[in-house]
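**Student:** The structure's right below; bear with me while I get my questions together.
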Amino acid sequence: MSSNVLLNVNGIEVIYNHVILVLKGVSLQVKEGGIVALLGGNGAGKTTTLRAVSNLLAGERGEVTKGSIELRGERIEKLTTSDMVERGVIQVMEGRHCFAHLSIEENLLTGAYTRKDGKAAVAATLEKVYNYFPRLKTRRTSQAAYTSGGEQQMCAIGRALMANPKMVLLDEPSMGLAPQIVEEVFEIVKDLNAKEGTTFLLAEQNTNMALRYADYGYILESGRVVMDGEAKALRENEDVKEFYLGVGGGDRKSFKDVKSYKRRKRWLA
Ligand SMILES: Nc1ncnc2c1ncn2[C@@H]1O[C@H](COP(=O)(O)OP(=O)(O)OP(=O)(O)O)[C@@H](O)[C@H]1O
Ligand SMILES: [Mg+2]
């Protein structure tokens, strides 16, 4: 494995409530400074994979029962969420989760609670977040409950940035947002990646948008990776086009039924 791999997920199995097997041997790698998309439909296991990485499974009565997760070579699957935050890994949960009764700025500041580098450093990060998200600056004193869905998504990402993360796990940033707002959010992600070197692992059902901004993608189906590749190759792949980009016709029921996919799979087996 090359040395710039930041995150290495190796054959993990995840079980909820001791009985529900959800991930059936998922492996993926995220390079330092990369943007990796985790794609797939409802219930494919995207959120579960992110929770396994950020150690949020325990609160959901879930656990990693097989395989390993390494961050820069260190085994992390037995650590806690706050251990992960300390190592610079933060998850932005699905559905935005701002504190409704707090202002945008108060929400952002809650993201800095683990920092020990003093008020001035936190204030500098807040300014930086406002630079990336000018909309948040405009709305800084507004109560989060009264801001738009797009502003709340930006607030959730901004709050994660307040911890100065190395890696952000973004769960469905496009959910419920109008296309141009989704684009705005993804542009900011790309900008943060390019200028701050922040690494992103993002779970998305919006395959089209995700593959335009990611450099690599993994497609999950029923708790397994069924395909992975450079974003460009996935965008041009006929099967991906048909199943996830809404191009082409056909009435196949599953990605697995695609002939060319089966052919490839035989080579992989
Ligand atoms: N806390 C839980 N307890 C039991 N089962 C769960 C739990 N969370 C998720 N699951 C199950 O695990 C499977 C994968 O769910 P997950 O949320 O990881 O999928 P997803 O790819 O994120 O889907 P979506 O696109 O709908 O968010 C689903 O069948 C789901 O019902
Ligand atoms: Mg999900």
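Bear in mind these aren't lab numbers, they're just calculated from the coordinates by the rules spelled out. Just so it is clear, the structure is predicted and the values come from calculations on it, not from any experiment. We place every Cβ from the backbone using ideal geometry, glycine too, and count neighbours over all the protein chains shown.
**Student:** Label point 7 Å out from N17 along Cα-to-Cβ: which residues of segment 51-66 have amide N under 14 Å?
**Tutor:** 60-63
**Student:** Which of the listed residues, Q153, A231, M209, is farthest toward the dipole's positive end in the chain, when Lys, Arg count +1 and Asp, Glu count -1 at the beta-carbon?
**Tutor:** Highest projection toward the positive end goes to A231.
**Student:** Now a separate question. Students often check this: by mean Cβ neighbours within 10 Å, which of 140-146, 12-18 ranks highest, and how do the rest follow? Before the final figure, lay out each step's value.
**Tutor:** Numbers: 140-146: 14.1, 12-18: 16.3.
The most tightly packed comes first, giving 12-18, 140-146.
**Student:** Compute the projected area of the convex hull of the Cα atoms of segment 96-164, averaged over all viewing directions, and report it in nm² to one decimal place.
**Tutor:** Dividing the Cα hull surface by four gives the mean projection, 3.9 nm².
**Student:** Further question on the same structure: For D191 and T110, compute 0.36 nm times the residue count separating them, minus their Cα-Cα distance, and round to one decimal in nm. Present the calculation step by step, with values, prior to reporting the outcome.
**Tutor:** Working: separation 81, 0.36 × 81 = 29.16 nm, distance 2.32 nm.
Full extension of this stretch gives 26.8 nm more.
**Student:** What residues from segment 127-160 fall in the zone where the backbone N is under 13 Å from a label point 7 Å along the Cα-to-C-beta line of A178?
**Tutor:** Under cut-off, by backbone N: 148-151.
**Student:** Please report the orientation-averaged projected area of the chain, defined via the convex hull of its C-alpha atoms, in nm².
**Tutor:** 14.9
**Student:** Size of the dipole of the chain about the Cα centre, Lys and Arg at +1 and Asp and Glu at -1 on the beta carbon, nothing else charged, in debye to 20? Please report the intermediate quantities before stating the final value.
**Tutor:** Working: 37 positive and 33 negative charges, 95 e Å.
Using Cβ point charges on Lys, Arg, Asp and Glu, the chain gives about 460 debye.
**Student:** Calculate, in nm to one decimal, what Q143 and N4 gain on full extension: separation in residues at 0.36 nm each, minus their alpha carbon distance. If you can, show how the numbers build up before the last one.
**Tutor:** On the way: separation 139, 0.36 × 139 = 50.04 nm, distance 4.11 nm.
Between Q143 and N4, full extension yields an extra 45.9 nm.
**Student:** Also, quick follow-up: Taking 0.36 nm per intervening residue step and subtracting the Cα-Cα distance, what contour gain separates S68 from A123 on full extension?
**Tutor:** Extending this stretch completely gives an extra 16.1 nm.
**Student:** Restricting to Cα pairs below 8 Å that are 6+ residues apart, what does the relative contact order work out to for segment 96-164? Please round to a whole percent.
**Tutor:** Relative contact order of segment 96-164: 56 percent.
**Student:** With an 8 Å Cα cut-off and a minimum separation of 6 or more residues, compute the relative contact order for the chain in percent.
**Tutor:** 24
**Student:** With a bin width of 5 angstrom, please list the P(r) values of segment 176-238 as percents of all Cα-Cα pairs, from the 0 bin to the one holding the largest distance.
**Tutor:** Values per bin, smallest distances first: 4, 16, 26, 23, 19, 11, 2, 0.
**Student:** Something else: Is there a quick way to get the dipole size of segment 96-164? I mean about its Cα centre, with the Cβ of Lys and Arg at +1 and of Asp and Glu at -1; what is the value in debye to the nearest 20?
**Tutor:** The dipole of segment 96-164 has a size of about 80 debye.
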